[in-house]
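Here the structure comes first, spelled out in structure tokens, and everything after it is commentary.
Bear in mind these aren't lab numbers, they're just calculated from the coordinates by the rules spelled out. Remember, predicted model here, so these are calculated numbers, not experimental data. When we count neighbours, we look across all protein chains shown, and the Cβ atoms used for this are built from the backbone with ideal geometry, even at glycine.
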Amino acid sequence: MSDFSSIINNVKSIFKSNNVAKLSGVDFSTWSFIYFNFFKKVLNFSDSDVFVFRNEEQAEKAYESLKQYQKEILFFPGLSDNPFSSIIQSEAALYKRQLVLQSLVSNPSAKRVIVTTYSAMQLKLPPKEHFQKSFKIEISDIISPEDLALKLSSFGYSKSPTVEEPGVFSKKGEIFDIFPLDGDPVF
């Protein structure tokens with residue numbers, strides 16, 4: 001380690017003085033390796049970090065690369081670069097965002113790394129109270145189809161003719177198909 005002591009001291013002084021350090025000319029896998037093996041282990045960076053990228057493609061590459069080193073990596077997507085994204089939002093992206101926010105609210109002290117984009121950070125978020133609501137349905141419970149549909153809608157579930165994505169439910173008379181945000185579909 002003594003061979004690198006001058007580099008380590010220079011990097012530490014940059015961070016102590018709040019100067020900006022730019023690491024360029026490396027791909028995402030090299031960057032991830034440096035982050036986990038130098039910044040986290042040698043410089044004792046915090047256990048929770050947020051990385052914000054210019055676009056979804058860069059963020060996804062970094063996310064895939066970071067997953068090799070730590071299990072608790074969360075990807076907080078935006079609405080993508082689709083020209084119609086402001087009109088037709090991706091339900092999958094909305095529910096991925098919902099899962100990340102639920103994870104942050106349910107366990108705020110957990111050690112994790114979040115990867116996102118500038119545009120994803122600028123989107124309006126639901127209030128914290130939204131994630132603290134819950135309800136449980138048992139097989140023996142009796143609930144009217146209208147009440148169940150209203151309850152699911154109040155939790156942000158979308159009604160659809162088919163259930164193919166998390167956060168969607170389908171009502172066919174008194175029969176419901178529900179795809180929970182954090183599990184497998186229930187038919």
Exercise for the section: Please find the FRET efficiency linking Ser13 to Glu60, where r is the Cβ-Cβ separation and R0 is fixed at 41 Å, and quote it to the nearest 0.05. Expected result: 0.75
Completion exercise
Residue-ordered couplings for the stretch 137-142, obtained by feeding phi - 60° into the Karplus form 6.51 cos²θ - 1.76 cosθ + 1.60 and rounding to whole Hz (Gly and Pro as x), are 10, 9, 4, 7, 5, 10
Handout entry: For peptides 131-137, 66-72, 171-177, sequence by mean Cβ density within 10 Å, most packed first
Key = 66-72, 171-177, 131-137
Handout entry: Whole-Hz ³J(HN,Hα) from phi, Karplus 6.51 cos²θ - 1.76 cosθ + 1.60, for the stretch 31-41, glycine and proline x
Key = 4, 5, 4, 5, 4, 6, 9, 10, 5, 6, 8
Problem - Exposure proxy ranking, count of Cβ atoms within 10 Å, fewest first, for Thr116, Thr162, Thr30 - result: Thr162, Thr30, Thr116
Practice task
Report, by chain and number, residues whose modeled amide H sits under 5 Å from the one on Phe51, excluding near sequence neighbours (fewer than 5 apart, same chain).
Solution key: Ile114, Val115, Thr116
Fill in the blank from the handout: Long-range amide H partners of Gly167, meaning residues 5 or more apart or on another chain whose placed amide H is closer than 5 Å, are Phe179, Leu181
Handout entry: 3J(HN,Hα) from dihedral phi, the stretch 111-125, Karplus parametrisation 6.51/-1.76/1.60, rounded to Hz, x for glycine, proline
Key = 8, 8, 10, 10, 10, 8, 10, 4, 5, 5, 6, 8, 6, 5, 10
Practice task
With +1 on each Lys and Arg Cβ and -1 on each Asp and Glu Cβ, and nothing else charged, work out how big the dipole of the stretch 134-179 is about its Cα centre, in Debye to the nearest 20.
Solution key: 100 debye
